[in-house]
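Working notes, beginning with the structure itself.
FYI, it's all coordinate maths here, none of it is from the lab. Remember, it's a predicted structure, so these values are computed and weren't measured experimentally. Because the Cβ atoms are built from the backbone with ideal geometry, glycine has one as well, and the counts that use them run over all protein chains shown.
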Amino acid sequence: MLLSRSLFAQNAPSRDLSLHDAIAAALNQRPELRAATQNEEASVQLRRQAGIIPNPRLFYQSENLRPGVDFTQGVDTYAYATEVLEVSGRRGARIAAANSSVNHAQLILEQQKRSIELRVAQTYWDALRLQYIRTLAEQSVGYYREILDYHQKRFNEGKVAAVDLLRVRLEEARAEGSADSSRLAEAQAKQRLAREMGLPAAGNWKLSESFDALNLPKDPLTPDNPQAERVEVKLARQAIDSARANLMTQRAQGRPDVDALFGYKRTAGFDTMIAGFQLNLPIFDRNQGATAAARFDVAANQSTLVAVQQQSASDLTLARMSYDTWRQQITERYRPLLDQAIDIANISRAAYREGGTDLLRLLDAERLRVDTQTAWVEALGNYHQSVLSLEYAEGLEP
């Protein structure tokens, strides 16, 4: 269900925004899709026009007109109609070319749609990553404020040195600055998301997808040759069809059509019927040059298809490598490191309160936790982007 504009009012209360809702809004708002849809409809109307047979032509003429002549007896009168019989195959070639144009317009619309969906999904996951980082930064600020309050009380009691209190204040200020930067980065990312969705400004959104869940890529439609579903490959194949339709048209241009004639003739008071035909004799000009050029165009587009298939296969290989690498990194490296860093920070906090460690070790443990969490979030962001790239390489929608 497409979202209304009211959902994205900038001053509206905070609302959850899922990836599905963001993509649906983009497909509803983006003017490029409306333009592509209108172009598709135009090509459908041109296909309708291509199937219409030529109009007949009506001729009326009088001969031997002179002053004083009896029009009914001394004037020869002709009334006849002609109709072009497209025996050359031009009508079939026109219809084939029009069908190819419709297919091209449909694929362009699909390409625009896939491209917009991909950019929205990529921007959404990037904004979600920054939203997660902002949440972690605010949690760190809260923790440093607790440490600062604890040291302020102990300083007032004369149990800690002023330099220790100053050091904690600096760490708290650094955490505040990091949180401010993360809020700015999140706001900018959501504004970029709004732009991809076709909206002038971002709303007060809470991106609702689960960032720390390893969403698996969808299964390809054709497991044996998934890259064949990419719209770029389909467009390359369609270009061959267009070139072949053009070849049919050029061949038909080199063959004559027949103009059939049938009508009425009145001469010296006698009424008779006339019939006949005319056609061009293809002795010299058989459209040889344009036909040969169309053959080369077919061959060129076949070579282009091979190049696009090779590029698509390479893109799929790279996307799979990236996905496999980041999935392994998340599950085998970053997740265990994060758990260990959190344990170290928790142990250091408890030990410090019991007097079992000093302030520097406590702060080092907290920095280690923050740095490890940041690295884990960046790795998760790369994982989500790799899933999108893999699905796009397999011709799937996000």
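Quick notes on this structure:
- A cut-off of 5 Å between modelled amide H atoms, ignoring neighbours fewer than 5 places along the same chain, links Leu85 with Val258, Asp259, Ala260.
- Taken over the alpha carbons of region 261-359 as equal point scatterers, the Debye sum produces base-10 log I(q)/I(0) values at 0.11, 0.16, 0.20 Å⁻¹ of -0.77, -0.94, -1.05.
- FRET efficiency, Leu170 to Glu354 (Cβ-Cβ, R0 25 Å, nearest 0.05): 0.55
- HN-Hα J in Hz across region 243-250 - Karplus 6.51, -1.76, 1.60, θ = phi - 60°, x for Gly and Pro: 5, 5, 5, 5, 4, 4, 5, 5
- Among the listed pairs Lys206/Lys234; Lys153/Lys190; Lys153/Lys206; Lys113/Lys190, those whose Cα-Cα separation exceeds 30 Å are Lys206/Lys234; Lys153/Lys190; Lys153/Lys206.
- The amide H of Leu17, built 1.01 Å from its N in the peptide plane, has Lys206, Leu207, Ser208 as neighbours under 5 Å, considering only residues 5 or more places off or on other chains.
- With eigenvalues of the C-alpha gyration tensor scaled by 5 and rooted, region 91-152, Å: 60, 4, 4
- Candidate cross-link partners of Lys265 among the aspartates and glutamates, defined by an alpha-carbon separation under 14 Å and a same-chain spacing of 8 or more, comprise Glu63, Asp76.
- Mean Cβ count within 10 Å, highest first, over the residues of peptides 139-146, 213-220: 139-146, 213-220
- Rg/Rg_ref, region 311-398, where Rg_ref = 2.2 N^0.38 Å and atoms are Cα: 1.55
- Residues in region 195-203 carry Karplus couplings, in order, of 4, 5, 7, x, 10, x, 8, 6, x Hz; the curve used is 6.51 cos²θ - 1.76 cosθ + 1.60 with θ = phi - 60°, and Gly or Pro positions show x.
- Peptides 57-65, 40-48, ordered by how many other C-beta atoms sit within 10 Å of their residues on average, highest first, read 40-48, 57-65.
- Arranged from fewest to most other beta-carbon atoms within 10 Å of their beta carbon, His20, His384 become His20, His384.
- About its Cα centre, the chain has a charge dipole of approximately 600 debye under the convention of +1 per Lys or Arg Cβ and -1 per Asp or Glu Cβ, with nothing else charged.
- Backbone amide hydrogens, once placed in the peptide plane, bring Val160 within less than 5 Å of Phe155, excluding anything fewer than 5 places away on its chain.
- Correct option for P(r) over Cα pairs in 10 Å bins from 0, in percent [calculated from the coordinates] among [x] 4, 14, 17, 15, 13, 10, 8, 6, 5, 3, 2, 1, 1, 0; [y] 4, 21, 31, 26, 14, 4, 0; [z] 5, 24, 35, 25, 10, 2, 0: [x]
- For the chain: relative contact order, % (alpha-carbon pairs under 8 angstrom, 6 or more apart): 24 percent
- Three principal axis lengths of region 169-314 [C-alpha, angstrom, descending]: 119, 42, 29
- Within-9-Å neighbourhood charge of Thr222 [Cβ basis; K, R +1; D, E -1]: -3
- For region 362-371, the Karplus equation 6.51 cos²θ - 1.76 cosθ + 1.60, evaluated at θ = phi - 60°, returns couplings of 4, 5, 4, 5, 5, 5, 4, 4, 4, 5 Hz by residue, with Gly and Pro reported as x.
- With R₀ fixed at 25 Å, the C-beta to C-beta distance from Ala299 to Glu110 puts the FRET efficiency at about 0.45.
- Likely footprinting exposure, Met273, Met321, Met197, Met248, fewest C-beta neighbours within 10 Å first: Met273, Met321, Met248, Met197
- Pair-distance distribution of region 1-134: all C-alpha pairs, bin width 10 Å, starting at 0; shares per bin in whole percent are 10, 21, 17, 13, 12, 9, 7, 5, 4, 2, 0.
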